[in-house]
1. If we sort B:185-197, B:276-288, B:308-320, B:203-215 on the protection proxy, mean other Cβ atoms within 10 Å, highest first, what's the order?
2. Hey, any idea what % of the stretch B:264-342's accessible area is carbon plus sulfur with a 1.4 Å probe?
3. For labels at B:Ile265 and B:Leu234 in the simple 7 Å Cα→Cβ model, what's the distance in nm?
4. For B:Asn202 and B:Arg222, compute 0.36 nm times the residue count separating them, minus their Cα-Cα distance, and round to one decimal in nm.
5. In nanometres, what is the gap between the two model label sites at B:Ile34 and B:Thr242, each 7 Å from Cα along Cα-to-Cβ?
6. Kindly compute the accessible surface that chains A and B hide from a 1.4 Å probe when together, both sides summed, and give it to the nearest 100 Å².
Amino acid sequence: MSEGDPWWFTGTLPDDKSAGPRDRTPGGGFSLSFLASGAQQLVDMAKQVIVAPHADHEVPEQHGDCIICRGQLALGEVRRRPDAPNDDVATGAKLESAVEWIHLDAARPAASGSLADRRLWP
Amino acid sequence: MLKRPRLLILSGQAGAGTSSAVLGLRESLCGSGIAATSVDGRGHVSEIESLVDRTVAAAGLGTTAQALPRVLSGLTGIAGVLAVHEAAERGDCIVWDAGETGGLLRVLALLDAARSEAASILPPLIAMRAARSLSAVDRAAWQGILAALRSVRAMLDDDGTRVLLVAVPDDGLEEFLADRIGQLSLMRSACDGILVNRVPRNGDGWPESWAEPRRHRVERLRGRGLPVIDIAHLTNDAPGKTAFRAQAGRVLDVARVPRPFPDSIKERDDGGFDLHVHLPGVRPDHVNAGRLGDSLVTEVAGLRRQTSLAPVLTRCEIQGAGMDSDWLIVRFERNQSLWPEAL
């Protein structure tokens with residue numbers, strides 16, 4: 001990546017006339033500093049408005065009025081112990097005590113003309 | 001109406017060559033006269049996370065509150081979304097290096113939450129803005145982030161967008177694809193094509209005992225009708241760029257797989273309700289479902305999606321559920337104590 005390329009760009013832009021330094025002022029695009037600044041503000045505000053009440057929330061699903069708990073659940077995230085495996089996506093075995101799991105009926109075969117994609121079914 | 005650029009999203013197994021594929025495709029597209037741009041929003045993820053970690057530590061938050069950075073890890077997705085949003089102004093085609101598929105799923109979850117569960121994440125930012133606590137620059141930044149989330153969400157729904165999984169033909173290939181294709185479906189997306197990298201060709205001198213099972217796995221996928229594009233394992237092309245460039249045309253020709261339909265509710269004759277959740281491409285044995293308060297939790301191969309129940313369903317009890325073809329159908333019956341006649 002050359003010096004004039006944007007932070008997200010991988011490769012070279014031999015034919016791109018817009019490859020020069022870009023305007024990162026408000027309304028003209030973004031730079032990491034803006035994002036970082038925004039993140040800083042978010043954390044500051046979160047500390048004041050959100051984090052303090054959340055500090056006592058051990059079980060996110062029991063605090064539906066807490067934005068952090070709801071955010072965790074919406075993103076499939078739950079807090080994990082330091083020694084827990086570092087899963088790349090939200091995985092099971094985290095909300096077992098809270099979710100009322102449903103025993104699913106035996107799967108019914110697809111009707112003729114179904115849109116079902118079963119190409120990777122066993 | 002402005003024409004949106006075509007968006008190719010590449011994501012795959014760690015070490016499968018996603019970044020090489022992105023570069024090879026972009027170079028090939030540019031060589032064909034298409035103004036293509038490649039983006040990789042991961043470059044600053046560590047900086048963003050470090051910033052959040054430092055701030056949380058400086059704020060003296062306790063152990064429990066250290067969960068905050070994990071919530072904000074959505075910023076990793078935001079970085080990629082911002083990059084795509086900005087790149088949309090630069091050309092006709094964007095090749096997005098979304099990295100490992102787990103990360104892409106996280107981005108899709110973020111975008112889905114931004115659309116359907118806005119009350120879960122974004123309103124506090126708006127509320128903060130309304131409170132005029134942020135500087136003008138930061139307000140502009142957050143406004144831009146919100147705009148980027150909206151525009152990239154729209155790009156994902158566009159007919160010109162394709163999602164391609166990048167994998168290698170090792171043992172476990174089918175399991176990987178079954179998991180990830182199902183999880184993409186759960187996140188209201190789909191896999192439009194599969195780039196299988198490092199496929200040893202006949203006559204290239206590879207030990208046949210090693211090469212044949214790999215070729216067989218690819219042929220098996222192809223035999224199942226999956227949109228497979230195999231990338232040759234060239235002995236003198238370590239980064240794989242040459243091999244990827246040769247297949248750029250096939251990538252562009254990949255058809256778009258229909259995306260899942262929105263959830264729908266049907267009232268039954270007995271007064272109960274059926275909630276239909278479309279999960280095309282998901283193996284039934286990979287699906288779990290459960291209720292968490294007023295939300296439905298749907299799990300596919302360990303990945304969970306939580307959606308708020310419609311008000312009418314919050315006053316019901318779940319009778320049961322099951323997969324019917326490519327639909328998860330959850331049966332609800334009225335909780336009589338919560339309906340008007342009982343009040």
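1. On the way: B:185-197: 23.0, B:276-288: 21.2, B:308-320: 16.0, B:203-215: 12.2.
The peptides rank, most packed first, as B:185-197, B:276-288, B:308-320, B:203-215.
2. Numbers: 1420 of 3080 Å².
Of the solvent-accessible surface of the stretch B:264-342, carbon and sulfur hold 46 percent.
3. Roughly 5.7 nm, to one decimal.
4. Details: separation 20, 0.36 × 20 = 7.20 nm, distance 1.73 nm.
Taking B:Asn202 through B:Arg222 to full extension adds about 5.5 nm, to one decimal.
5. Each label point lies 7 Å from its Cα, and together they span 2.3 nm.
6. Numbers: alone 10700 and 17220 Å², together 20360 Å².
Approximately 7600 Å² gets buried when A meets B.
The values are calculated or read from the model by the stated rules, or taken from the named source; none is laboratory data. Just so it is clear, the model here is predicted, and its values are computed rather than measured. Every residue, glycine among them, receives a Cβ derived from its backbone with ideal geometry; neighbour counts consider all protein chains shown. Each accessible area value is taken on the protein alone, full model and side chains, heavy atoms only, with ligands, DNA and RNA left out. Shrake-Rupley method; radii C 1.70, N 1.55, O 1.52, S 1.80 Å.
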